[in-house]
Amino acid sequence: MSIKALRLRITPPGGVPFEHECAAASLVLGRERAADISISDPYLSRQHARLFQDGDDWFLESLTTKNTTLLNGRPIRGRERVAHGDEAQLGSTRVRFQQKGEPTPAPIVLPAATTVFRSASAVLEQAGTLPLDVGGDALRRLTERLKLVNEVHRAVAGRIAPDDLLQLLLDRVFDHLSPEDAAVFLKDKDGELRPAMSRRPPGVKGEPFFSRSLALEVAGKGMAALVQDAIVDSRFASSESIVMSGVRSIVAAPLLDTEGSLGMIVLSSHAHVRRFSEEDLELLVSLSSAVTLRIRTIALAEEALQHRLLEKDIDRARDIQMSMLPTVFPARAEFALSAALRPARSVGGDLYDFLEGPDGVWFFLGDVSGKGFPAALLMAVTRTLFRASAPDETSPSALLGRMNRELSRDNERAMFVTGFAGRLDLATGEVAFSNAGHNRPYVIGQDGAVRSVGEAAGMVMGVDGDFEYPVGVVALAPGDTLYLYTDGVTEALDAASRQYGEARLEARLRELAQAPVGTVVQETLHAVQEFAGSTPQSDDIAVMAVRYLGLTK
Amino acid sequence: MEMTDETRDGVVIVAPTGRLDVNTSAELEKRLLDKVAAGETRFVVDLTAVEYISSAGLRVLLLLAKQLKARSGRLVLSSLGPAVRQVFELAGLLPVFAVEASREQAMGRLASGP
């Protein structure tokens, strides 16, 4: 019977048995890592025994002079033929020779002794300490490594896309470290690791090696991993993936920089084909770290560029938004009007507008909930609604009602607009108005008396499309001014987080009772600015002053 | 902004504290909408400890009410201080919300059905 196919069942002292399929014609068992089968057993010599094939037979020979190699209980002499069912004892390790396909009594679990996790930064610090007594093979390997490091560093210094850089890393370590399987895994936007690229020797098929527990340590915690034999240490206790894929040697490094981990690179081989060393680990960690740093700087540069573009967009949006608001005010004998807006961010949600007719003037001042782009968009809509509706309407109630109906339609985000709309009758000085949840305006008498207009309070626009707005009327005597503002004025904060408040505004308005309306607008804005000092403006500010001058006929 | 929340008798009770303005209401919005997305339909928002509410804060509460209405759910506000109540009044929004004087009364209102 041919026993070409030989399967070993190896039971290390105190360890869990594992199996090895003999694929090579000769293999060395011993304590050292470089042995074909490396076993954690202090009673083993570094190279303890050799198994080799001669014709159809397998032979065991001891490589140590100590009498610690037994076959079926007897010390071995020279080379001895082994048969299925034989059992050898090497040091404290039992080795049973069995036929391929022979049922295995227990699940294969492998010893733990040689999994090494170290923080990648510690590996980096240690790397580069050269042994002094290099010569021959070691010197050649060192030269190869230096060439490789040099090549990757040249690529990193040049203009290269992140994907190309990762591919270069993968290709170079694949060529230099000769794994059976090399793969780069990158975190997606949800932090899940996804295979990004992989390499295998020609003719070798299958998915790249992946283990969730390895990923957790390496990509998750930034550890570098060197795994010899297929390993069950506590971290891998529940991971069947490693055991299932057979006895493996694995080296893995995080794609790590000071900002965190982008993913990991994993090289693996069957242990009898290729065993990775500390030296391999150091090389992989060092190259990965250089490449990651470069990828991060590319990403940062890209982000900075996007940011600059966005800022330009915002500037343009601000120009467009401000150009929607009139800045030239009518110079008429019957009335004077002025207004101003100061956005908190570069685009904002406050607005004002007016529309002159032959015997009256419509005016509107409003505030969209929220800030920034969403508010600015709704502000533009609101302003268009005012412009489109005011010429047809005769009552402020109908005007706000129409704007409200439109704003309430399909309002999924529950944004709303507060606003005050009025129409000054140039013949009588009467202002008919409706208020959609907006701050009460002030009437400033020519004599300096200031009173707030609390009548006709209605609901903000955008919530209930059927709301009917009440109408109020205030009669302005020639020289009286109606002053409208948004809450950015009264809620402006100073360095001590005090609000500007209505009392300060009212006091300032009393002083400005006889100043031109342009001055009333600019001076009240100025007073708020002075109060806030260096405290950043947290809300948009808009104000408007409308003064009745009387009929001149 | 500090915020506490608990779920009692199938009712989510959220109590924000401090200023509910444009800077803090985004967090409240996320907290509330996450719970709606998780299937919660009955909410009490206790405003006892809110010293100031801006239009951004009002919007979050309107949004919650709107989403709950679409799911046959219910929102009751409780314990509005004078400053907060004034903002609701000014915006004309008091009639839009179910409002109770205390958290217990708000719970009672949810327990007794619509």
Worksheet entry | Net charge of Cβ neighbours under 9 Å - reference B:Thr41; Lys, Arg +1; Asp, Glu -1 | +2
Practice prompt. Give the calculated FRET efficiency between A:Thr65 and A:Ser121 to the nearest 0.05, with a Förster radius of 41 Å applied to their Cβ-Cβ distance.
Written response: 0.40
Discussion item. Highest mean first, how do A:430-440, A:207-217 rank when packing is the count of other Cβ atoms within 10 Å averaged over residues?
Written reply: A:430-440, A:207-217
Discussion item. Once R0 is set to 41 Å, what does the formula 1/(1 + (r/R0)^6) return for the Cβ-Cβ distance between B:Lys66 and A:Asp313, expressed as a FRET efficiency to the nearest 0.05?
Written reply: 0.85
Worksheet item: Hey, what angle do you get for helix A:137-157 against the long axis of chain A, alpha-carbon based, 0 to 90 degrees rounded to 10?
Response: 10 degrees
Worksheet item: Mind checking the mean number of beta-carbon atoms from other chains within 10 Å of the Cβ atoms in B:53-63?
Response: 6
Worksheet item: Between A:Thr535 and A:Arg194, what is the label-to-label distance in nm when each label sits 7 Å out along the Cα-to-Cβ direction?
Response: 4.7 nm
Practice prompt. Provide the FRET efficiency to the nearest 0.05 for the A:Glu412-A:Ala507 pair, computing r from the beta carbons and using R0 = 41 Å.
Written response: 0.45
Discussion item. Could you work out how much longer the chain between A:Arg212 and A:Leu146 gets when fully extended? Use 0.36 nm per residue separation minus the Cα distance between them, nm to one decimal.
Written reply: 20.5 nm
Discussion item. I'd like the mean, over residues of B:90-97, of how many other protein chain beta carbons sit within 10 Å of each residue's own Cβ.
Written reply: 6
Practice prompt. Towards the positive end of the charge dipole of the range A:270-373, with charges on Cβ (+1 Lys, Arg; -1 Asp, Glu), say which of A:Gly357, A:Ser289, A:Ala301 has the farthest Cα.
Written response: A:Ser289
Practice prompt. Give, as a single signed number, the net charge of other residues whose beta carbon lies under 10 Å from the beta carbon of A:Phe420, with Lys and Arg counted +1 and Asp and Glu -1.
Written response: 0
Practice prompt. Take the solvent-accessible surface of the protein heavy atoms, probe 1.4 Å, and return the percent of it on chain A that carbon and sulfur atoms account for.
Written response: 51 percent
Discussion item. Under the 0.36 nm per residue contour assumption, what length would be gained going from the current alpha-carbon distance of A:Met322 and A:Glu279 to full extension?
Written reply: 9.1 nm
Worksheet item: Taking Cα pairs under 8 Å and at least six residues apart, what relative contact order does chain A come out at, in percent?
Response: 10 percent
Worksheet entry | For residues of A:288-294, the mean tally of beta carbons on other chains within 10 Å | 0
Discussion item. Ignoring everything except DSSP H segments at least 4 long, calculate the 222 nm mean residue ellipticity for chain A; use -39,500 (n - 2.57) per segment, divide by total residues, nearest 500.
Written reply: -9500 deg cm²/dmol
Fill in: Net charge over other residues, Cβ less than 14 angstrom from the Cβ of A:Arg498 (K, R count +1; D, E count -1)
-3
Fill in: Virtual spin-label span in nm between A:Ala333 and A:Ala388, 7 Å along Cα→Cβ
3.8 nm
Worksheet item: Using +1 on the beta carbon of Lys and Arg, -1 on that of Asp and Glu, and nothing else charged, what's the dipole of the range B:3-112 about the Cα centre, debye to 20?
Response: 360 debye
Item to complete: Could you tell me the number of lysine pairs in chain A with C-alpha atoms less than 27 Å from each other, where the two lysines are 8 or more residues apart or belong to different chains?
Response: 8
Worksheet item: For the range B:3-112, what ratio Rg/Rh do Cα atoms give with a Kirkwood hydrodynamic radius?
Response: 0.92
Discussion item. Between B:Leu94 and B:Ala49, what is 0.36 nm times their sequence separation minus the Cα-Cα distance? Round to one decimal in nm.
Written reply: 14.3 nm
Discussion item. Can you tell me the orientation of helix A:396-408 relative to chain A, as the angle in degrees between its alpha-carbon axis and the longest Cα principal axis, to the nearest 10?
Written reply: 10 degrees
Worksheet item: To the nearest 10 degrees, how steeply does helix A:162-177 sit against the main Cα axis of chain A, on a 0 to 90 scale?
Response: 10 degrees
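The values are calculated or read from the model by the stated rules, or taken from the named source; none is laboratory data. Note that the structure is predicted; figures quoted are calculated from it, not measured. Note: ideal-geometry Cβ built from the backbone for every residue, glycine included; neighbour counts use all protein chains shown. Calculation scope for accessible area: heavy atoms of the full protein, side chains included, ligands and nucleic acids excluded. Shrake-Rupley method; radii C 1.70, N 1.55, O 1.52, S 1.80 Å.
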